[in-house]
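This report refers to the structure that appears directly beneath it.
No value in this document is a laboratory result; all are computed from the given coordinates. Everything numeric in this text was worked out from a predicted model, so none of it was measured. Here the Cβ positions follow ideal geometry from the backbone for every residue, glycine too, while neighbour counts run over all protein chains shown.
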Amino acid sequence: MYEVIQIVHSYWAYLVLLILTLATFNAIIKTLGKKSFGPQDFRISLFTLIVSHIQLLIGIVLYFVSPYFNVLLEKGMGGVMKNDTVRLYVIEHPLTMIISIVLITVGYSKHKKKLASNKKFRTIAIFYALALLLMLSRIPWNAWF
C-alpha cells in the first residue's frame, strides 16, 4: 500500500508543480502587462488550489503509512532529528509543504476580495511564487529522479 500511495504522491506532485508554475507565471505576466482578470485566470488559480489540496490529502495518508513514521514512533523525536533522511521525510518536507499550501489558500482567498485586476494578479503572484519556492526547496530531489 505504501508503494502505491508513494507513486501517486510523486506523480501528482509533477501536476502540482506544473499548475502552480503556470498560475504563478500567468499572474506575473498579466500583472506586468496590466491585463484584466478573466474567467480563465480564475480557473487557473482555482485549479492550482484544488490540485494542491488533493496532494496534501495524499501526503497525509502517505505520512502515516510511511516506514519513516514508524521511526518516529519507535525512536521518538530525538531519533528522527539525528537522521537527515528521516528528518526530511518526517519533519521538514511535510511542514514546508503544509506552509506552501497555506500560502496558496491564503493567496487564493485574498485575491477574491480584490476588485482591481492588477491587485488580483499581484496577490496571486506573490503568494503562489512563495509557495512554489518553498515547495522547490523541500522536494526530496534524490528520491524523485
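The table below gives the values:
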{"read-out": "Test: R87 is in a helix (DSSP H, G or I), charged (D, E, K, R) and exposed (fewer than 15 other Cβ atoms within 10 Å of the Cβ)", "value": "no"}
{"read-out": "Residue check, T21 touching a Leu at 6+ places or on another chain (Cβ under 7 Å), farther than 23 Å from L115 by Cα and of a type in the set (V, I, T)", "value": "yes"}
{"read-out": "Count of the range 69-83 residues which are out of contact with any helix residue (DSSP H, G or I) (no Cβ under 7 Å at 6 or more places or on another chain) and either small (G, A, S) or part of a helix (DSSP H, G or I) (or both)", "value": "8"}
{"read-out": "Enumeration of residues in the range 117-145 that are farther than 30 Å from G38 by Cβ and of a type in the set (A, V, I, L, M, F, W, C)", "value": "I139, W141, A143, W144, F145"}
{"read-out": "Condition broken by V106, with the remaining ones in (1) touching a residue at least 60 places away in the same chain (Cβ under 8 Å); (2) under 30 Å from L32 (Cα atoms) satisfied", "value": "(1)"}
{"read-out": "Pairs with Cβ under 7 Å, 6+ apart, first in the range 13-36 and outside any helix (DSSP H, G or I), second of a type outside the set (V, I, T)", "value": "K34/N118; K35/S117; S36/S117"}
{"read-out": "Condition check for M97: in a helix (DSSP H, G or I) and surrounded by 15 or more Cβ atoms within 10 Å (Cβ to Cβ)", "value": "yes"}
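One line per residue, one yes/no per condition, for (1) of a type in the set (K, R); (2) over 15 Å from I50 (Cβ atoms); (3) touching an Asp or Glu at 6+ places or on another chain (Cβ under 6 Å):
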| position | (1), (2), (3) |
| --- | --- |
| K120 | yes, yes, no |
| L130 | no, yes, no |
| R138 | yes, yes, yes |
| A143 | no, yes, no |
